[in-house]
1. Using the Karplus curve 6.51 cos²θ - 1.76 cosθ + 1.60 with θ = phi - 60°, work out ³J(HN,Hα) for each residue of the range 48-63 in order, rounded to whole Hz, and write x for Gly and Pro.
2. Per residue, how much accessible surface does the range 1-60 expose to a 1.4 Å probe? Answer in Å², no decimals.
3. Work out from phi, with θ = phi - 60° and the Karplus expression 6.51 cos²θ - 1.76 cosθ + 1.60, the ³J(HN,Hα) of each residue of the range 12-27, listed in order in whole Hz, and give x for Gly and Pro.
4. Just to confirm a number: summing +1 for Lys and Arg and -1 for Asp and Glu over residues other than residue 90 whose beta-carbon lies under 15 angstrom from that of residue 90, what do you get?
5. First select every other residue whose beta carbon is under 15 angstrom from the beta carbon of residue 18; then total the charges, Lys and Arg +1, Asp and Glu -1.
6. Go through the range 82-93 residue by residue and turn each phi into a ³J(HN,Hα) via Karplus (6.51, -1.76, 1.60, θ = phi - 60°); whole Hz please, and just put x for glycine and proline.
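The values are calculated or read from the model by the stated rules, or taken from the named source; none is laboratory data. Note that the structure is a prediction, hence the values are computed from the model and not measured. Don't worry about glycine lacking a Cβ; one is built from the backbone with ideal geometry, like all the others, and counts go over all protein chains shown. Calculation scope for accessible area: heavy atoms of the full protein, side chains included, ligands and nucleic acids excluded. Shrake-Rupley method; radii C 1.70, N 1.55, O 1.52, S 1.80 Å.
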Amino acid sequence: QVQLVESGGGLVQPGGSLRLSCAASAIIFRTYVMGWYRQAPGKQRELVATVTPGGSTNYADSVKGRFTISRDNVKNTVYLQMNSLKPEDTAVYYCNAALLSANYWGQGTQVTVSS
């Protein structure tokens, strides 16, 4: 059974940093496009960042220069380093694994940016 398990969320002050992790199991991790999405209350889920098997990355304009996605194909883990956090980054962050018609989601981790 495919599992994506996120960790690293929490409460942080504006300007602070957090690092999210997502550990994958039961997939050939190195072949999947891995991504992070987020959903704020009352809003649709939106793309934050993706990383391809080859390491190419893509970011939402709202996080460019502040967030960095990376992957470790030995540990089957994808990371999201979030710096200079803003209150508008508050959301549930979801890990995603995608390959052709296969599409898997984690359970989500809450990130709250507030003073």
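1. Taking θ as phi minus 60°, the curve returns 9, 6, 9, 9, 7, x, x, x, 6, 10, 9, 10, 5, 4, 5, 10 Hz for the range 48-63.
2. Working: 3270 Å² over 60 residues.
Heavy-atom SASA per residue in the range 1-60 reads 55 Å².
3. Running phi through 6.51 cos²θ - 1.76 cosθ + 1.60 with θ = phi - 60° gives 9, 7, x, x, x, 10, 9, 10, 8, 10, 9, 9, 9, 9, 6, 9 Hz.
4. On the way: positive: 38, 43, 45, 66, 86; negative: 46, 88, 89.
Counting the neighbours of residue 90, the net charge comes to +2.
5. Working: positive: 19, 38, 66, 86; negative: 6, 88, 89.
Taking every Cβ under 15 Å from that of residue 18, the sum is +1.
6. 10, 10, 6, 5, 10, x, 6, 7, 4, 4, 8, 9
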